[in-house]
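S.K.: Following this message is one structure expressed as structure tokens.
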Amino acid sequence: MYTYKKKYKLYLLLCFLILICQEKVNSQIVIGTPNLGFSQACASANFNTYSTTFVFSPENGLNTSNQFLIELSDANGDFSNATIIFTSNSGTVTTSPATLDFSLPNTTAGENYRIRIKSSAPVATSSGSLPFAAYYKIQDAPFTINNLVSTGVYCAGGSYLLTIDNPGSGNNDSPLNYPSLTYKWYKETSATTSIFVSEGSSLTINQEGTYFVETNYGSCTSNSFSNRVTISSVTSGQADAGISSSLGNPFCPDLGATTLSTIGGNSYQWFKDGVIIPGATNQMYETIESGTYAVQVNLGSCSASGAIVLQSELFDASINVDETNTIEAEDTLTIIISNTANTPEFEWYLDNVLISSANEDTFDATAFGNYKVVVTENSGCTASRTFLFEIVEAFDPFPEVEKIPNLISPNGDTINDTWIIPTKYVTGSNTQVTILNNRGLVVLQTNDYLNNFPENDLNITNINQVYYYIITTPDNEVIKGSITIIK
């Protein structure tokens, strides 16, 4: 009986130990080295998704709360300060092999990164992957140096400084706006080859040649590179100073002023059409005008000069009417717009109201008022020109009136300002018109009356003045009466 109980106790102890061992086995997993789905990772804002595949065992060793993590080493493959670049949701990855996607931080730049896989429940870590080149191309567009001027000059024994423009001119996307980036300068050795010369955001040159710079994205091919600049030295006399226009040449003034830039020097003086521009003494000069621009650059022991014939793309246009035009009632005035615009559009307005039916370069106006026509160029340089004019009713000095008036008010309001009589008595009728003042003195006598009395200031007071008229027709008909002039 004693022996049986002892054996039974040993059996229970053995089962307990087996359960403990089995629990320990189930609480551990092994994660294999991650395989990469790429040879190098050249990320950008347009693409930043990469994948890795790994195995783990046993599958039933994962707790339901387990998460898999992907860690990224530093640029030298060291995991001491690893960055977590992916974390799975709890319990979502349960079968082996598993494939996970991840993205690179925008500070990634190096040739020897590695990744590894970690689990949270139970805790386990894989070994590191094979090294791979990885760069996040935060700026991946061409940029400018030397203010886009294609040349540079230094005096013999001196040097010339090339710098990356920040912000530069035009639409330049300067990589200097991204502090994490580094740069490599190159010198051309042929039309298709070049050699590395230096690192940094600027380059001091004391050898002639053609230079350019690229953002350092290592083995990841990049579109982040500069324009070429050809540097030469001069021993004496005038060297050539290049000039560039930020908006191109011809330029579109509707986009604002273009910036003219020249080579770097000690001091500058700009000219337009051979005349010095007061105060234009910087390396750059802004303008919206066409013309021949020149610059003198002091390089120290030598100098340089350059010129550019700057042309505006603004189209020419003209109108065939004056600012103020007169027509008779029910007459028509034809307005014509001559222009050199590409695919132009025309908008006509009367008293600031759009005339919807008018959209051609000609318009027949019949109404009195203030007009505006806007000509817009919609191809190439998008720009507009506006013309303003007015149409008023023409003054008729010989309107048809039935009676001879005896009251006028010459106050300048164009209404009843002069003594207007029936047309059968005015110029061309050979009728004699005589006007006398209240003292009997003749102030006007003519056989060619133009409806223009009084022509001169009569020094009218508050007291109305009375004049007398005698109209004698060719057949000796005599008409007499008075004219009262009121203020």
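The values are calculated or read from the model by the stated rules, or taken from the named source; none is laboratory data. It should be emphasised that the depicted structure is a prediction, and the values quoted were computed from it without experimental measurement. Cβ placement follows ideal geometry from the backbone for every residue including glycine, while neighbour counts extend to all protein chains displayed.
S.K.: If we scan region 384-405, do we find a residue that is in contact (Cβ under 8 Å) with a residue 12 or more places away in the chain, hydrophobic (A, V, I, L, M, F, W, C) and within 30 Å of Leu247 (Cβ to Cβ)?
M.R.: yes
S.K.: With the structure loaded, tell me whether Glu390 is acidic (Asp, Glu) and either within 30 Å of Ile355 (Cβ to Cβ) or in contact with a strand residue (DSSP E or B) (Cβ under 6 Å, 6 or more places away or on another chain) (or both) or whether it fails that test.
M.R.: yes
S.K.: Quick one: Val374 ticks every box in (1) within 30 Å of Asp254 (Cα to Cα); (2) in a loop (DSSP other than H, G, I, E, B) bar one, so which box is it?
M.R.: So Val374 meets the others, but not (2).
S.K.: Got a number for residues in region 236-245 being outside any loop (DSSP other than H, G, I, E, B) and farther than 19 Å from Thr287 by Cα?
M.R.: 3
S.K.: Right, next: Just a yes or no: is a residue in region 246-256 crowded, with 22+ Cβ neighbours inside 10 Å, more than 16 Å from the chain's Cα centre (by Cα) and under 23 Å from Tyr285 (Cβ atoms)?
M.R.: no
S.K.: Picking from Ser201, Ser224, which residue would you name as being without any contact (Cβ under 8 Å) to a residue 40 or more places away in the chain, within 31 Å of the chain's Cα centre (by Cα) and surrounded by 14 or more Cβ atoms within 10 Å (Cβ to Cβ)?
M.R.: Going through Ser201, Ser224 in turn, the sole match is Ser201.
S.K.: Sort out which residues of region 336-380 are on the phi > 0 side of the Ramachandran plot, under 32 Å from the mean Cα position of the chain (by Cα) and surrounded by 13 or more Cβ atoms within 10 Å (Cβ to Cβ), and write them in order of number.
M.R.: If the condition is that a residue be on the phi > 0 side of the Ramachandran plot, under 32 Å from the mean Cα position of the chain (by Cα) and surrounded by 13 or more Cβ atoms within 10 Å (Cβ to Cβ), then Gly380 is the only one that fits.
S.K.: Ok, one more. What pairs come up if the first residue lies in region 309-320 and is free of Cβ contacts under 8 Å to residues at least 60 places away in the same chain, the second is in a loop (DSSP other than H, G, I, E, B), and their beta carbons are under 6 Å apart, counting only those six or more places apart or on different chains?
M.R.: Asp316/Thr340
S.K.: While we're here: Here are Ser126, Ser120: which of them is in the same structural domain as Phe79 (by TED's automatic domain parsing), hydroxyl-bearing (Ser, Thr, Tyr), closer than 30 Å to Ser57 by Cβ and surrounded by 17 or more Cβ atoms within 10 Å (Cβ to Cβ)?
M.R.: Selected residue: Ser126, the only one of Ser126, Ser120 that is in the same structural domain as Phe79 (by TED's automatic domain parsing), hydroxyl-bearing (Ser, Thr, Tyr), closer than 30 Å to Ser57 by Cβ and surrounded by 17 or more Cβ atoms within 10 Å (Cβ to Cβ).
S.K.: So, in region 413-444, of the ones that are without any contact (Cβ under 8 Å) to a residue 60 or more places away in the chain and within 15 Å of Ile486 (Cα to Cα), which residue ends up farthest from the chain's Cα centre (by Cα)?
M.R.: It comes out as Asn438.
S.K.: Still on this model: Can you tell me which condition Ser119 does not meet? The list is (1) within 28 Å of Gly218 (Cα to Cα); (2) assigned to a strand (DSSP E or B); (3) more than 41 Å from the chain's Cα centre (by Cα); (4) of a type outside the set (Phe, Trp, Tyr), and all the others hold.
M.R.: Here Ser119 clears every test but (1).
S.K.: In region 313-343, what residues are more than 11 Å from Arg385 (Cβ to Cβ), among the hydrophobic types (A, V, I, L, M, F, W, C) and not in a strand (DSSP E or B)?
M.R.: Val321, Ala329
S.K.: Does Phe38 meet the test of being at pLDDT below 95, under 28 Å from Pro175 (Cα atoms) and not hydroxyl-bearing (Ser, Thr, Tyr)?
M.R.: yes
S.K.: Taking region 75-116 on its own, how many of its residues are surrounded by fewer than 18 Cβ atoms within 10 Å (Cβ to Cβ), under 16 Å from Phe38 (Cβ atoms) and either outside the structural domain of Ser57 (by TED's automatic domain parsing) or more than 43 Å from the chain's Cα centre (by Cα) (or both)?
M.R.: The total comes to 1.
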